[in-house]
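Below is one structure, written out as structure tokens; comments come after it.
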Amino acid sequence: MIRQLSIFNYALIDKVELTLSEGLTILTGETGAGKSVMMGAISLLMGERADSKVLANRTGKAIVEGVFDSVAPSLKEIFDDNDLDWNDGQIIVRREISANGRSRAFINDSPVTLPLLTDVAGGLVDIHSQHSNRLLSRPEYQLSIIDSIADNADLLADYKKDFAKFAGLRNRIKKLREAIERSRESRELRAFQLEQLAKINPKKGELEEVEKVYDILSDADDLRSRINQAAYLLSVGENSAISLIGDAGSGIDGIDFKLFEGDDDAAQPGIMERLRNVYIELKDIGDTLSRIASGIEADPERLAKADSRMKELYEAVKRFKVADYEALVDLYSSLKAEYGGGSENIGELNALEAEARRLGDTLKAKAEEISQSREVAARRFEEILTEDARPLGLKNLRFSVSLSKGKLTPDGKDTVEFLCAFNKNQALMPLAQTASGGEMARLTLCIKAITANKLKLPTVIFDEIDTGVSGDIADRMGSMMADIAAGMQVFAITHLPQVAVKGRSHLLVYKHDEGERTVSHVKTLDSEERVREIARMLSGKQINDAALTNARVLLEG
């Protein structure tokens, strides 16, 4: 239930802080006083989209916060799955809206996404408005009502788990069949590609090696001449580099360079040692160049082979329309693996289809069991709803639940349709085609009275569900709301005094001008204030003694 509600800087509201109680709480106020603003704020806690236009003062944030306790233990699984703190069943939900339109949501001070907030809020509050009445004509909503009466949640959960597995199997089977079909359709092309690539037999790194051989052999004489020339200049001729360095060393041999201690260039290691290192390095370079040059030989036949192979590989890259040579090698490898591994894995397909048939048979049996529970619940629901609705002015109501069976879906194999007739001479027709707004509201209230405890919702909010009724019918609807509130927290927004007097507590929404602004306020009425509010609802702004007396009589009754 909602234990505390705080609203700051939201639309006409500057600041509202309420401590709320169990049972039936009535919310009244003149048209335009701000009741819809209150509902808008609560809807934010339920995950509704936010708009920066609701900020009363754009220099600050709009904040709506609700403290919920006596929360259903079933919500703990959602908290555990999303790493949210579970504080012994107390949940604090907060929404913040900035002037730039950014909205943030928090659960127990942890930021959450709106979809997650909506999931959690679904187990906290059920808001029922005139708009919600239209839900009653939707087949999926009608089915949820029958399931709540059938009390088959465990059976449905088991079925849904198997159906998810079945759907996954069917998806795998579909993809495997498509892969096999694609394989069959393109077998000739892929077989031809594999045959041609097998003749070429491209190997990883081969093109780079062939290009290197070609570069060497295509200019062998010039390369050998230039390398030999370099080797000669370094180490072979009389005036070679290493000969000159040797002469330089001989010329300065015996000089004590310690005499030049102040000269950084003469510092350790010594000049002679450095000359010896250069001599050794140059001699090694010369020997290496001589060895390389001796290995270069003009080989026209080998050059022709390298040229031919290089052109063949270049042409293959173009012919098979791949990005580069490495992609050509990858294509060849994948085709070999595909044919070697057998892409048409008929054995796997047969095994999956057999498993799907077994699971399908299990699902059919479970769906039939669910259907039977729904059939029993539907007949019971017809009787209870008709009995509860007739005292609300629907004395000629005939109500029937049509259950038709079809293919398996995530909810079983049943389609539900509520059929009604409100007059003696009227044939049964779908609810959406025959019920007026007032009739729909009364049916909705009856259904909520039947299902509220089964759905285990801590809080239900009726937003002017009594629109279009009055007198004795309004009194009976108020009593029905009070009966529902015996087992849970219920809020009723109403303009009818017959409903308002049924509440355990009473909130008044009112507004007045403060300077240049009109501001809405909410207050909890004491007994005398409540008498005056009921009297206002009876007679309007001019409250007389007769209205006050009538209000007291209604409240005492």
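The values are calculated or read from the model by the stated rules, or taken from the named source; none is laboratory data. Quick caveat, the model's predicted, so the values are computed rather than measured. As a convention, Cβ positions derive from the backbone with ideal geometry for all residues, glycine included, and neighbour counts pool all protein chains shown. These area figures cover heavy atoms from the full protein model, side chains too; ligands, DNA and RNA do not enter into them. Shrake-Rupley method; radii C 1.70, N 1.55, O 1.52, S 1.80 Å.
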Checklist entry - Going by accessible area, probe 1.4 Å, with all protein chains left in place, what is the ranking of Phe8, Phe418, Phe192, Phe163, largest first? => result Phe192, Phe8, Phe163, Phe418
Checklist outcome for this item: antiparallel share of DSSP beta bridges within the chain, to nearest 5, in %, is 70 percent
Checklist entry - For the chain, what is the relative contact order in percent, using Cα pairs closer than 8 Å and at least 6 residues apart in sequence? => result 22 percent
Checklist outcome for this item: Rg/Rh of the chain (Cα atoms, Kirkwood Rh), to two decimals, equals 1.35
Checklist outcome for this item: From the cross-link list Lys35/Lys502; Lys454/Lys502; Lys35/Lys448; Lys258/Lys283, the entries with a Cα-Cα span beyond 26 Å are Lys258/Lys283
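Suppose all protein chains stay in the model; what accessible area per residue would a 1.4 Å probe give for the chain, in Å²?
Numbers: 30310 Å² over 557 residues.
Heavy-atom SASA per residue in the chain reads 54 Å².
State the extension gain, in nm to one decimal, for the chain segment bounded by Thr113 and Glu326, taking 0.36 nm per residue of separation less the distance between their alpha-carbons. Numbers along the way, then the final one.
On the way: separation 213, 0.36 × 213 = 76.68 nm, distance 4.54 nm.
Stretched fully, the Thr113-Glu326 segment lengthens by 72.1 nm.
If we sort 294-300, 503-509 on the protection proxy, mean other Cβ atoms within 10 Å, highest first, what's the order?
Ranked by mean Cβ neighbours within 10 Å, highest first: 503-509, 294-300.
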Next on the checklist: At 0.36 nm per residue, and after removing the present C-alpha to C-alpha distance, how many nm does the segment from Lys161 to Glu514 gain when stretched out fully?
Outcome noted: 121.3 nm
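Counting only protein heavy atoms and using a 1.4 Å probe, what share of the accessible area of the chain belongs to carbon plus sulfur, as a whole percent?
49 percent
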Item to check | 14 Å Cα-Cα reach of Lys61 towards aspartates and glutamates, excluding residues that sit fewer than 8 places from it in its own chain | outcome: Asp14, Asp51, Glu96
Checklist entry - For the modelled label position 7 Å from the Cα of Glu211 along Cα-to-Cβ, which residues of the stretch 275-307 have backbone nitrogen atoms closer than 17 Å? => result 306-307
Item to check | Straight-distance crosslink candidates among lysines, where the alpha carbon sits under 20 Å from Lys407 and sequence neighbours closer than 8 are dropped | outcome: Lys160, Lys161, Lys165, Lys174, Lys364, Lys366
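Rounded to the nearest 500, what is the 222 nm mean residue ellipticity of the chain from helices alone, with -39500 (n - 2.57) per DSSP H run of 4+ residues and division by all residues? Show your work: numbers first, answer last.
Working: 20 runs with 295 residues, N = 557.
Estimated from H runs of four or more residues: -17500 deg cm²/dmol.
Between Glu140 and Ala191, take the C-beta separation as r, use R0 = 41 Å, and let me know the FRET efficiency to the nearest 0.05. Before the final figure, lay out each step's value.
Working: r = 51 Å, r/R0 = 1.25.
For R0 = 41 Å, the calculated efficiency reads 0.20.
Tell me the trypsin sites (Lys or Arg not before Pro) within the stretch 274-349 that lie in a loop according to DSSP and have at most 12 other beta-carbon atoms within 10 Å.
Counting only loop positions with at most 12 other Cβ atoms within 10 Å, the trypsin sites (Lys or Arg not before Pro) in the stretch 274-349 are Lys321.
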Checklist entry - To the nearest 10 square angstrom, how much accessible area does Asp14 have with a 1.4 angstrom probe? => result 60 Å²
Item to check | Reach of Lys321 by Cα under 19 Å, taken over lysines that are not fewer than 8 positions away in the same chain | outcome: Lys199, Lys203, Lys204, Lys311, Lys336
Checklist entry - Taking Cα centroids, how far is the stretch 416-451 from the stretch 515-557 in Å? => result 34 Å
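What full-extension length gain, to one decimal in nm, is calculated for Ile346 and Asn87 as 0.36 nm per residue of separation minus the Cα-Cα distance? Kindly include the intermediate steps, with their values, before the conclusion.
Numbers: separation 259, 0.36 × 259 = 93.24 nm, distance 5.36 nm.
The span from Ile346 to Asn87 would gain 87.9 nm if fully extended.
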Checklist entry - So what are the ³J(HN,Hα) numbers for the stretch 155-160, from phi and the Karplus equation (6.51, -1.76, 1.60; θ = phi - 60°), rounded to whole Hz, Gly and Pro as x? => result 5, 5, 4, 5, 5, 4
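With all protein chains present and a 1.4 Å probe, how do Val519, Val376 order by accessible area, largest first? Show your work: numbers first, answer last.
Working: Val519 0, Val376 90 Å².
The residues order as Val376, Val519, largest area first.
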Checklist outcome for this item: Extend 7 Å from the Cα of Glu77 along its Cα-to-C-beta direction; within the stretch 153-184, residues with backbone N under 13 Å of that point are 153-162
Checklist outcome for this item: Spelling it out for Ile13: with amide H atoms placed in the peptide plane at 1.01 Å from N, the residues 5 or more places away or on another chain with amide H under 5 Å from its amide H are Ser520
